[in-house]
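Asks: Here it is: the structure, laid out below.
The values are calculated or read from the model by the stated rules, or taken from the named source; none is laboratory data. Keep in mind that what you see is a predicted model, and the values were worked out from it rather than measured. Methodologically, a virtual Cβ is constructed for each residue, glycine included, from the backbone with ideal geometry; neighbour enumeration extends over all protein chains shown. Calculation scope for accessible area: heavy atoms of the full protein, side chains included, ligands and nucleic acids excluded. Shrake-Rupley method; radii C 1.70, N 1.55, O 1.52, S 1.80 Å.
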Amino acid sequence: MNLYDLFVKPYESYTTFQIFLESFAAVFGILSVYFSIKKNIWLYPTGIVSTLIYVYILFNFGLLGDCMINGYYTVMSVYGWVLWAKSSEDHIHVDVTWASKKEWMYGILLFALSLILVTVIYYYKPYIDNQFSMEGTNLGLYHLDWGNWLDVITTSIFLVGMWFMAKRRIENWIFWIIGDFICMPMMIYKGLGITSVQYLVFTIMAILGYVSWKKSLKKKSL
């Protein structure tokens, strides 16, 4: 399979509006990560625009886990926006730290709970796809392909990453790097080439963000 088949052919069946919407969401997503690297509170309003659009897109593509995580991002963006505003002297930039052992325990718990929750939702996916009717519906996980299972895993990874981001913990970037890398082939498989490229950019930016936040904390401690 060549690059045309992977990145262009799926869009031949999309409307101009669908392509514009995905591109618009991707641009705002990249802006949000850029502001994250700069420890700039504008990461939240730009992120909210992107995540709300992706809630709509991912639901239509059957990626319920990623759809949920984008809904969660929106809620956590409001929460993070408030926390960062309170912790910022200039209302724009914030200081960052490493996570405590207690916060790591909370992160592990969030990951486990997310795995369970998203798996349960996929169990009921046939019911959701059938317009919330049980008529002729067989519940179960038999319908999941490898893309759906990756969706379950990345949803849990991103949930923890977003929580650490709101707490201004450097470890958030580790979760973004892992999750973004996994999402690249998943989005290609689902016919979302633009979003796949966005996750490639996200992976690179997350590595830069991790390095930048570490340098920032080291500089502050000198």
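Asks: Could you identify the single residue in Ser36, Ser100 that is at pLDDT 90 or above and within 16 Å of the chain's Cα centre (by Cα)?
Replies: Ser36
Asks: Please work out if Gly62 is open to solvent by less than 30 Å² (accessible area, probe 1.4 Å) and outside any helix (DSSP H, G or I).
Replies: Yes; evaluated as a whole, the condition is true for this residue.
Asks: Now for a separate question. Here are Tyr127, Tyr122, Tyr79, Tyr72: which of them is assigned to a helix (DSSP H, G or I) and open to solvent by less than 30 Å² (accessible area, probe 1.4 Å)?
Replies: Tyr122
Asks: To continue, here is another question. Hey, could you check the stretch 35-57 for residues that are out of contact with any Ser or Thr (no Cβ under 9 Å at 6 or more places or on another chain) and assigned to a helix (DSSP H, G or I) and say which is most open to solvent (accessible area, probe 1.4 Å)?
Replies: Tyr56
Matching residues to (1) outside any helix (DSSP H, G or I); (2) open to solvent by 70 Å² or more (accessible area, probe 1.4 Å); (3) of a type in the set (S, T, N, Q); (4) under 30 Å from Lys215 (Cα atoms):
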| residue | (1), (2), (3), (4) |
| --- | --- |
| Gly107 | no, no, no, yes |
| Gln131 | yes, yes, yes, no |
| Ser156 | no, no, yes, yes |
| Ser196 | no, no, yes, yes |
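Asks: Also: For Ser32, which of the numbered conditions (1) without any contact (Cβ under 8 Å) to a residue 60 or more places away in the chain; (2) surrounded by fewer than 22 Cβ atoms within 10 Å (Cβ to Cβ); (3) closer than 20 Å to Leu200 by Cα; (4) of a type in the set (Ser, Thr, Tyr) fails to hold?
Replies: Only one criterion in (1) without any contact (Cβ under 8 Å) to a residue 60 or more places away in the chain; (2) surrounded by fewer than 22 Cβ atoms within 10 Å (Cβ to Cβ); (3) closer than 20 Å to Leu200 by Cα; (4) of a type in the set (Ser, Thr, Tyr) is unmet by Ser32, namely (2).
Asks: Here is a further query. Residues in the stretch 157-167: is at least one under 26 Å from Glu12 (Cβ atoms) and modelled with pLDDT under 90?
Replies: Scanning the stretch 157-167 turns up no residue that is under 26 Å from Glu12 (Cβ atoms) and modelled with pLDDT under 90.
Asks: Still on this structure, I have one more. Restricting attention to the stretch 67-84, does a residue exist that is over 30 Å from Ile19 (Cβ atoms), of a type in the set (A, V, I, L, M, F, W, C) and touching a residue at least 60 places away in the same chain (Cβ under 8 Å)?
Replies: Yes, that holds for at least one residue.
Asks: Can you name the number of the only condition in (1) in contact (Cβ under 8 Å) with a residue 12 or more places away in the chain; (2) open to solvent by less than 60 Å² (accessible area, probe 1.4 Å) that Asp5 fails?
Replies: (1)
Asks: How many residues are part of a helix (DSSP H, G or I) and loosely packed, with under 15 Cβ neighbours inside 10 Å when one looks only at the stretch 140-154?
Replies: The qualifying residues number 1.
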